[in-house]
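Encoded as structure tokens, the structure appears first; notes follow it.
The values are calculated or read from the model by the stated rules, or taken from the named source; none is laboratory data. Note that this is a predicted model, so its numbers are computed, not measured. Cβ coordinates were reconstructed from backbone atoms using ideal geometry, including for glycine residues, and neighbour counts include every protein chain displayed. Protein only, heavy atoms only, side chains kept; ligands, DNA and RNA dropped before computing areas. Shrake-Rupley method; radii C 1.70, N 1.55, O 1.52, S 1.80 Å.
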Amino acid sequence: MKIIHSLKLVMSKAETWRFHFLHKREANEILCQIEKEKGKLSVQLRKRASEYALDVFGTERYAPWLYVYTAFAGTFKEGWIPDNYYREIVVPKTQGAYGKLSFNNMLTNSFFKTEQFPDSAYFINGQWLSKDLRIVPFSQIKEILFQNHAEVVFKLDQSFQGKGIYLFNKATFEEKVIRRLGNGVFQYRVQQHGFFDDFGSSALATFRLTTVIDPLGNPSLRSAYLKLGRQGETHIHANAAVSVPIKISSGKLADEGHLTNGTTTLCHPDTKTNFKGKIIPNFGEAVQLCKDLHLKAPYIRIIGWDVAIDYLGKVQLLEWNGYHNDIKYSEATQGPCFADLGWEQLWKDN
């Protein structure tokens, strides 16, 4: 038993080392790109971030993301949450196993008791299910999916960063293809609001809203940013997307957006459409919907919602992420977003 325990301890330490090594590498790559554009992070600011990581979070291994945030902002701000600290410490404490419910797309509409997700059908464990979770034969699925829509999107469970997403029309939809792909949800392809067409991509524009339930049980929006695809894409890919911060009080876009490597841009790189002065349509309605739905799962303390606005102005919720939802872009451009929640104390409980 002692040998087994020792082996588990060694494996756990190796996994932790690898986790922080990968985060450090990613943060350094982004920092390098920012410094090419904005100049080298000063010794004083780097030292301030390192000391803060050690004093507040107990170790300097959380410093690399603080370097990135500082380089983005041009100054150091107390209250920032490093991304690796968030994933290692905050997520298990505030979301836990319940947050993993978001991995299973089939549960979403019934879980939140809403029709705001554009789900049409599901393929789960070899069975075809209708939107109301009835088992139906494959012969009916094509009729269900394409009766009112020319194209559908198939999203695998645990799809993320644009991976595991497939587009089908009636001609390309084949049973064997879906069975080979695995469990997932079929959603009709949302036709986006004309506001987003100005940015030129055929990929559906979405915006990420991050809501939090505070210790008193109140929901609040903590960050928001727009995600835009590039020309020629059918959907947004994380390694090529354009992100633009959104002012959470008004839905107004920031003057500057960013490419995935941290490079600043005043406009969409393909269409040259500027971000300045533009306001997301029906933003307030989207925020209220996400806050209301979050109250149905208050034990999942932080949720990231991917939202679209359709051509009629209706809010469409494409997915929710209750586990490992990303905060680093929001912290770098809008943060500190969570300074009042006491998350910096959570590591002391371990």
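Descriptive notes on the structure:
- Of residues in the stretch 93-146 being touching a helix residue (DSSP H, G or I) at 6+ places or on another chain (Cβ under 9 Å) and small (Gly, Ala, Ser), the one farthest from Tyr166 (Cα to Cα): Gly99
- Matching option when the condition is within 30 Å of Leu133 (Cβ to Cβ) and of a type in the set (Gly, Ala, Ser), among Ala203, Ala241, Ala254, Ala224: Ala203
- When restricted to residues that are part of a loop (DSSP other than H, G, I, E, B) and within 16 Å of Ile303 (Cα to Cα), the stretch 82-114 contains 2.
- Within the stretch 184-205, tally of residues that are assigned to a loop (DSSP other than H, G, I, E, B) and of a type outside the set (Val, Ile, Thr): 11
- Ser243, sole failed condition from (1) part of a loop (DSSP other than H, G, I, E, B); (2) within 21 Å of Ile34 (Cα to Cα); (3) touching a strand residue (DSSP E or B) at 6+ places or on another chain (Cβ under 8 Å): (1)
- Subset of the stretch 13-35 (residues that are hydrophobic (A, V, I, L, M, F, W, C) and within 22 Å of Gly257 (Cβ to Cβ)): Ala27, Ile30, Leu31, Cys32, Ile34
- Residues in the stretch 277-309 that are among the aromatic types (Phe, Trp, Tyr) and buried (at least 20 other Cβ atoms within 10 Å of the Cβ): 2 in all.
- Scanning the stretch 29-37 for any residue that is touching a strand residue (DSSP E or B) at 6+ places or on another chain (Cβ under 8 Å) and either part of a helix (DSSP H, G or I) or surrounded by fewer than 16 Cβ atoms within 10 Å (Cβ to Cβ) (or both) turns up at least one such residue.
- Any hit, the stretch 255-263, residues being open to solvent by 60 Å² or more (accessible area, probe 1.4 Å), modelled with pLDDT under 95 and closer than 19 Å to Trp305 by Cβ: no
- Cβ separations smaller than 8 Å between residues 6+ apart or across chains give the following pairs from the stretch 58-83 residues that are closer than 17 Å to Ile327 by Cβ to residues that are open to solvent by less than 10 Å² (accessible area, probe 1.4 Å) and of a type in the set (Asp, Glu): Trp65/Asp83; Trp65/Glu331; Tyr69/Glu331; Trp80/Glu331; Ile81/Glu331; Asp83/Glu331.
- Among the residues listed as Tyr299, Tyr329, Tyr323, the single one being hydroxyl-bearing (Ser, Thr, Tyr) and farther than 30 Å from Thr75 by Cα: Tyr299
- Residue list for the stretch 244-254, filter: among the small types (Gly, Ala, Ser) and surrounded by 20 or more Cβ atoms within 10 Å (Cβ to Cβ): Gly251
- Out of Leu346, Leu341, Leu318, Leu312, one residue alone is over 15 Å from the mean Cα position of the chain (by Cα), open to solvent by 10 Å² or more (accessible area, probe 1.4 Å) and more than 23 Å from Gly217 (Cα to Cα). It is Leu312.
- For the stretch 216-233, filtering for residues that are surrounded by fewer than 22 Cβ atoms within 10 Å (Cβ to Cβ), in contact (Cβ under 8 Å) with a residue 24 or more places away in the chain and assigned to a loop (DSSP other than H, G, I, E, B) leaves 5.
- The stretch 197-222, residues that are modelled with pLDDT of 85 or more, among the hydroxyl-bearing types (Ser, Thr, Tyr) and out of contact with any Leu (no Cβ under 8 Å at 6 or more places or on another chain): Ser220
- Some residue of the stretch 42-54 being in contact with a Ser or Thr (Cβ under 8 Å, 6 or more places away or on another chain) and modelled with pLDDT under 95: no
- Residue that is most open to solvent (accessible area, probe 1.4 Å) [pool: residues in the stretch 40-81 that are small (Gly, Ala, Ser) and either part of a helix (DSSP H, G or I) or under 20 Å from Asp214 (Cα atoms) (or both)]: Ala73
- Residues satisfying the stated conditions in the stretch 23-49, i.e. more than 27 Å from the chain's Cα centre (by Cα) and not hydrophobic (A, V, I, L, M, F, W, C): Gly39, Lys40, Ser42, Gln44, Arg46, Lys47, Arg48
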